[in-house]
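The values are calculated or read from the model by the stated rules, or taken from the named source; none is laboratory data. Note that the coordinates shown come from a computational prediction; the quantities given were computed from them, not determined experimentally. Here Cβ is always computed from backbone atoms with ideal geometry, including for glycine, and neighbour counts include all displayed protein chains.
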Amino acid sequence: MRDAVVVDAIRTPIGKRNGALSGLHPVDLSAHVLRALTERTRLEPSSVDDVVWGCVSQVGEQTANVGRYAVLAAGWPESVPGVTVDRQCGSSQQAVHFAAAGVISGQYDVAVAGGVESMSRVPIGSPFSAGEFGRPYGPAALARYRVDDFHQGTGAQMIADEYGITRQDMDRHALESHAKAARATDTSRFTGQIVPVPLPDGNLFTEDEGIRRGGTLDTMGGLKPAFSPGGSITAGNASPISDGAAAVLVTTSAFARAQGWQPIARVHTAVATGCDPVTMLKGPIPATAKALARSGLRIDDIGAFEVNEAFASVTLAWLKETGADESRLNPNGGAMALGHPLGASGARLMTTLVHHMRDQGIRYGLQTMCEGGGMANATVLELL
């Protein structure tokens, strides 16, 4: 039987808004990780059957199938195709699922999955700004839920209220994320997964730019609510606007052996699910349950979890519902500290997870993330 394995997974350092990566076109940023993947693995680009690339704001510089132009910008043969996926924040995690499914089914022998988002150059909400072409969602969907809009910030606040998660709970959770990310950086845990990026000014960008050190509950408490005057969601307990790209090489065990590669992990289980699109961000809870049921594993069998920290209320609610060991959650920090370049985040989480599993000898890891419209992906990985 064919399987799907992760041979390597890499990412750029994550840049903050208008920071180090803001001078790079998202196609060129994507091409950089594709080239780096071939250099690290000695992958022959002509052997790649498809590049499946995630991107959320597909407008302007990120339109016209950014995945295809990343292939061309990387200098890969014109015979290598590329496709761009939008499952909102889970776009590049879904890209890995599609790549794995293609490999297992025999449609592919080798696929590269990943994604990009340059939120400095293509701001969040840019696709909504094309007012002359109308509004998204459609009247029937809005009428079904009796809302005027589907807004993630509103959903995050509703989750905090539903689960009794306080502002201090979320601020403390965010501070811990920054502390873990700082420790991971200082102890070189990210070195094997980050590919430095040459910048237009001649400098080399090597470390995640959004990690804050020395924060306190007092400094966090001084931040204003982001979405409503009396709300508890702030810029401090939510993921920042970010730029970045990540790539994952997926193939079969047999193909990997023939190339002399030692895969890191097997894609054990991959699922997607939907939930209420108004609260929208609770999807990781049913996605985790679905992945565990499909895999035959229990929550305690999982040695590490990567749950995307879009907002602190999302991961805190997930902990309450799943009963997972908090010490195993985002052990090297999460998106509140590292950043959340939307279309790249699923592949970034997988990159961080597989390297951590290998470094710590962890047999099973699970990643999941909330997605706009009320959806979530979950992936169980098994160390090889």
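Worth pointing out:
- Taking first residues from the stretch 204-218 that are in contact (Cβ under 8 Å) with a residue 24 or more places away in the chain and partners that are among the charged types (D, E, K, R) and assigned to a loop (DSSP other than H, G, I, E, B), no Cβ contact under 8 Å between residues at least 6 apart in sequence or on separate chains turns up.
- Selection count where residues are surrounded by fewer than 24 Cβ atoms within 10 Å (Cβ to Cβ), within 22 Å of F128 (Cα to Cα), free of Cβ contacts under 8 Å to residues at least 40 places away in the same chain and not hydrophobic (A, V, I, L, M, F, W, C), scope the stretch 49-83: 2
- Positions within the stretch 311-346 being in contact with a Cys (Cβ under 8 Å, 6 or more places away or on another chain) and small (G, A, S), in sequence order: G343, S345, G346
- For the stretch 1-115, the helices (runs of 4 or more DSSP H) that sit wholly inside it and include 1 or more residues that are within 18 Å of I194 (Cα to Cα) and over 19 Å from the mean Cα position of the chain (by Cα) are 26-41.
- Conditions (1) closer than 28 Å to S126 by Cα; (2) part of a loop (DSSP other than H, G, I, E, B); (3) not polar (S, T, N, Q); number of the one not met by L297: (1)
- Taking every residue in the stretch 273-295 that is on the phi < 0 side of the Ramachandran plot and pairing it with any residue that is in a loop (DSSP other than H, G, I, E, B) and among the acidic types (D, E), at least 6 positions away or on another chain, the pairs with Cβ-Cβ distances below 8 Å are K282/D276.
- Pair list, Cβ < 7 Å and 6+ apart or interchain, from the stretch 221-243 residues that are assigned to a loop (DSSP other than H, G, I, E, B) to residues that are among the aromatic types (F, W, Y) and at pLDDT 95 or above: I233/F311; N237/F311
- Some residue of the stretch 256-264 being farther than 24 Å from Q152 by Cβ, among the charged types (D, E, K, R), free of Cβ contacts under 8 Å to residues at least 12 places away in the same chain and surrounded by fewer than 21 Cβ atoms within 10 Å (Cβ to Cβ): yes
- Checking the stated criteria, A140 turns out not to satisfy the condition of being surrounded by 19 or more Cβ atoms within 10 Å (Cβ to Cβ) and not in a loop (DSSP other than H, G, I, E, B).
- Qualifying residue in the stretch 252-266 (condition: out of contact with any Asp or Glu (no Cβ under 9 Å at 6 or more places or on another chain) and part of a loop (DSSP other than H, G, I, E, B)): yes
- Strands (runs of 3 or more DSSP E) contained in the stretch 300-384 and holding at least 2 residues among the small types (G, A, S): 375-383
- Whenever a residue of the stretch 34-48 is under 11 Å from V7 (Cα atoms) and modelled with pLDDT of 95 or more, it has no partner that is crowded, with 19+ Cβ neighbours inside 10 Å and polar (S, T, N, Q) lying with C-beta atoms less than 6 angstrom away and at least six residues away or across chains.
- Screening I211 against (1) more than 18 Å from the chain's Cα centre (by Cα); (2) of a type in the set (V, I, T); (3) assigned to a loop (DSSP other than H, G, I, E, B) leaves a single unmet condition, (1).
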